[in-house]
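Down below is the structure, laid out as structure tokens.
Please treat every number below as a calculation from the coordinates, not as lab data. Because the structure is a prediction, the values reported are computed rather than measured. Glycine gets a Cβ as well: all are built from the backbone with ideal geometry, and neighbour counts include every protein chain shown.
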Amino acid sequence: QQPVQSPQAVILREGEDAVINCSSSKALYSVHWYRQKHGEAPVFLMILLKGGEQKGHDKISASFNEKKQQSSLYLTASQLSYSGTYFCGTEAGSARQLTFGSGTQLTVLP
Amino acid sequence: GAVVSQHPSWVICKSGTSVKIECRSLDFQATTMFWYRQFPKQSLMLMATSNEGSKATYEQGVEKDKFLINHASLTLSTLTVTSAHPEDSSFYICSGPTGPYTEAFFGQGTRLTVV
């Protein structure tokens, strides 16, 4: 079953912060976050493994609550380049495949 | 990171014809590859799992006779859309499997338009 993301869409001004949530009904092994621009392949942002760790890269970070099967992506001081559709991808078993969430369209305005 | 090369990046074909999309792993061997389809403004939906040396595994609702998958070698998987119809127009993308602590590596994707 597809993970549920919220919000579906968000519009920000440059410099503002955003949080994107991903919730699964299955026990998860890992959560992956990707950003996709229109017509392009998804670009990997980060991976979070079981253990509740939080990872970060520059002004983008994420957390993973394995007990609640939820992950959140935090975008701080957003830049114009952050615009795109964000997908979480969840890994629930040993098949080494991802099930993608419904997506969150992020628009950053000047 | 690993590199997955997908061709063509876009193709326009007439209704009723077949189209083949190639997905090559350039620097790793893959016994498994995944094929996704993405309609406009929607998520990536897994169509099938390509298995080297054996039959592909299709997700529920995906017609295996329409979407032929062949995993000829450890570095090449192909998806053939047979007797294409306009409703098959979509973005098709392949990926390798996730690894320990690593992401799935995607091909560039193929935009298929059936006219």
**OP:** Convert each backbone phi in segment B:56-71 into a coupling constant with the Karplus relation 6.51 cos²θ - 1.76 cosθ + 1.60 (shift: θ = phi - 60°), then list the ³J(HN,Hα) values in order as whole Hz, x for Gly and Pro.
**Re:** 6, 10, 9, 6, 4, x, 9, 6, 5, 7, 8, 10, 8, 10, 10, 10
**OP:** Going by C-beta contacts inside 10 Å, put A:H38, A:H32 in order with the fewest on the left.
**Re:** A:H38, A:H32
**OP:** Arrange the following residues from fewest to most other Cβ atoms within 10 Å of their Cβ: A:S81, B:S50, B:S77.
**Re:** A:S81, B:S50, B:S77
Original post:
In this model, which of B:K41/B:K64; A:K37/B:K55; A:K26/A:K50; A:K26/B:K41; B:K14/B:K55 are farther than 23 Å apart at the alpha-carbon?
Top reply: B:K41/B:K64; A:K37/B:K55; A:K26/B:K41; B:K14/B:K55
Original post:
Given +1 on the Cβ of Lys and Arg, -1 on the Cβ of Asp and Glu, and no further charges, what dipole in debye does the protein assembly as shown carry about its Cα centre, rounded to the nearest 20?
Top reply: 200
Original post:
What percent do you get for the relative contact order of chain A when only Cα pairs under 8 Å and 6+ apart count?
Top reply: 38
Original post:
When all C-alpha to C-alpha distances in chain B are sorted into bins of 10 Å, what percent of pairs does each bin hold, rounded to whole numbers?
Top reply: 15, 49, 30, 5, 0
Original post:
Separation between the A:K50 and B:K20 pseudo-spin-labels, each 7 Å from Cα along Cα→Cβ, expressed in nm?
Top reply: 4.2
Original post:
Relative contact order for chain B: what is it in percent, counting Cα pairs under 8 Å that are at least 6 residues apart?
Top reply: 37
Subject >> Net dipole in debye of chain A [+1 Lys, Arg Cβ; -1 Asp, Glu Cβ; about Cα centre; nearest 20] >> reply: 280
Subject >> Förster radius 22 Å - calculated FRET efficiency between B:N51 and B:T113 (Cβ-Cβ, nearest 0.05) >> reply: 0.15
Original post:
What dipole magnitude, in Debye to the nearest 20, does chain B give about its Cα centre under +1 on Lys/Arg Cβ and -1 on Asp/Glu Cβ?
Top reply: 220
Original post:
Arranged by the count of other C-beta atoms within 10 angstrom, fewest first, what order do A:L28, B:L44 take?
Top reply: A:L28, B:L44
